[in-house]
Amino acid sequence: MLKTKFTETFGVEVPVVQGGMQWVGRAPLVAAVANAGGLGFITALTQPTPEDLVKEIARTRDLTDKTFGVNLTILPAINPPPYAEYRDAIISSGVKIVETAGFNPVDHMPDFKSAGVKVLHKCTSVRHGVKAQSVGVDGISIDGFECAGHPGEDDIPGLVLIPAAAEKITIPMIASGGFGDARGLVAALALGADGINMGTRFMATAEAPIHQNVKQALVDGDERNTNLIFRQLRNTARVAKNAVSDEVVGILAEGGQFEDVRDLVAGVRGKTVYETGDIDGGIWSAGTVQGIINDIPTCAELIGRIASEAEELISSKLAGLVA
Ligand SMILES: Cc1cc2nc3c(=O)[nH]c(=O)nc-3n(C[C@H](O)[C@H](O)[C@H](O)COP(=O)(O)O)c2cc1C
């Protein structure tokens, strides 16, 4: 059994986290991760209203009696969602762990703290991790350039980002971006992290509530199968390479503006990809870790083998290298 600062502080058996995923982070997946001993997060903003989030939390509780959390992604928006109401829904439902992402969570800290909610803040740079640590979060999730979703604008892969962060972060820290198996977990521990966060790898599991075609696309795709969109707008997102993301990259490279791609990148189009399995139907997030995804296991199989193979790697293969 692997015991780290992360498992101790957040009360989970295995130092493996399923981070928030828009449209994907719903009850069946989160409960399956929890039942397998990991830490899953419901994605708050996938639920249309805070009341729907309360129902999704209840639906998850019907499927597991283990610990799980809720992801609250705070991004700049012209019409921002009612963040305070989502926060209140989390607190009133009795959820005790939140993954914040995007903006600094400082505005939400007093309410979370007084309700005894632990905050795991996900960020993409050492300076943002240090800042979050200074406002009292309980853990940091540091997302390298490999990751699906928003890698930030610094382009620092995990091999440097994780140890650089480990030098400054004293609270529990997990490494994110590009992780998919026991080798990644052991590497993350060696680099100074206390566990790993995975997104893309959890999409290709039996319980992920998305179309089989999407899961198969992740198995078929290799590490080159992503596009970085919105680079020019300084809001970079790593998404699956497909007809739509290729078109968006082309339009923006030729000087196009957001207005020129607005319809192509619409969130509802992305959502239909997961529902219909038309993988060229819109933009959907995926990371470079596709290069090491070769199957569609249950969460119990995936987390179980990551834990057991990591123990084997450390105690046998690596220990055996010491003369
Ligand atoms: C389909 C998908 C949707 C995501 N949506 C969110 C989100 O809404 N909020 C968030 O904080 N991170 C989101 N992420 C990022 C993941 O939580 C995680 O940080 C990332 O996937 C780690 O990189 P990996 O995919 O290489 O494991 C998303 C990732 C994926 C694959």
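Brief remarks follow.
- Hey, Asn235 more than 18 Å from the chain's Cα centre (by Cα) and not β-branched (Val, Ile, Thr) or not: no
- Residue identified as at pLDDT 95 or above, out of contact with any Lys or Arg (no Cβ under 9 Å at 6 or more places or on another chain) and not aliphatic (A, V, I, L, M) among Gly192, Gly136, Gly149: Gly192
- Restricting the search to helices (runs of 4 or more DSSP H) fully inside segment 1-106 and requiring at least 3 residues that are within 14 Å of the ligand (Cβ to nearest atom) and either under 22 Å from Ile196 (Cβ atoms) or among the aromatic types (Phe, Trp, Tyr) (or both) gives 27-35.
- Once segment 140-181 is narrowed to residues that are surrounded by fewer than 23 Cβ atoms within 10 Å (Cβ to Cβ), touching a residue at least 12 places away in the same chain (Cβ under 8 Å) and among the β-branched types (Val, Ile, Thr), the residue that is nearest to Asn71 (Cα to Cα) is Ile171.
- Pairs, first in the same structural domain as Pro172 (by TED's automatic domain parsing) and on the phi > 0 side of the Ramachandran plot in segment 5-32, second within 15 Å of the ligand (Cβ to nearest atom) and basic (Lys, Arg), C-beta under 6 Å, six or more apart: Trp23/Lys271
- Among helices (runs of 4 or more DSSP H) entirely within segment 256-323, having at least 2 residues that are within 16 Å of the ligand (Cβ to nearest atom) and farther than 24 Å from Glu146 by Cβ singles out 267-276.
- Test for Lys131: is it basic (Lys, Arg), surrounded by 15 or more Cβ atoms within 10 Å (Cβ to Cβ) and free of Cβ contacts under 8 Å to residues at least 40 places away in the same chain: yes
- Matching option when the condition is under 23 Å from Gly152 (Cα atoms) and at pLDDT 95 or above, among Ala77, Ala101: Ala101
- Here Ile279 fits the description: buried (at least 18 other Cβ atoms within 10 Å of the Cβ) and either of a type in the set (Lys, Arg) or over 18 Å from the mean Cα position of the chain (by Cα) (or both).
- Of residues in segment 185-220 being part of a helix (DSSP H, G or I) and under 17 Å from Ala36 (Cβ atoms), the one farthest from the ligand (Cβ to nearest atom): Leu185
- Every test in (1) under 30 Å from Pro28 (Cα atoms); (2) free of Cβ contacts under 8 Å to residues at least 40 places away in the same chain; (3) surrounded by fewer than 16 Cβ atoms within 10 Å (Cβ to Cβ) is passed by Ala187 save one, and that test is (3).
- For segment 173-184, taking the residues that are within 13 Å of the ligand (Cβ to nearest atom) and either not assigned by TED's automatic domain parsing to the domain that holds Gly11 or not hydroxyl-bearing (Ser, Thr, Tyr) (or both), the one that is nearest to the chain's Cα centre (by Cα) is identified as Gly177.
- Residues that are touching a His at 6+ places or on another chain (Cβ under 8 Å) and within 10 Å of the ligand (Cβ to nearest atom) occur at least once in segment 131-142.
- Qualifying residue in segment 67-78 (condition: free of Cβ contacts under 8 Å to residues at least 12 places away in the same chain and not small (Gly, Ala, Ser)): yes
The values are calculated or read from the model by the stated rules, or taken from the named source; none is laboratory data. Predicted model only: the values in this text are computed from it and were never measured. Here Cβ is always computed from backbone atoms with ideal geometry, including for glycine, and neighbour counts include all displayed protein chains.
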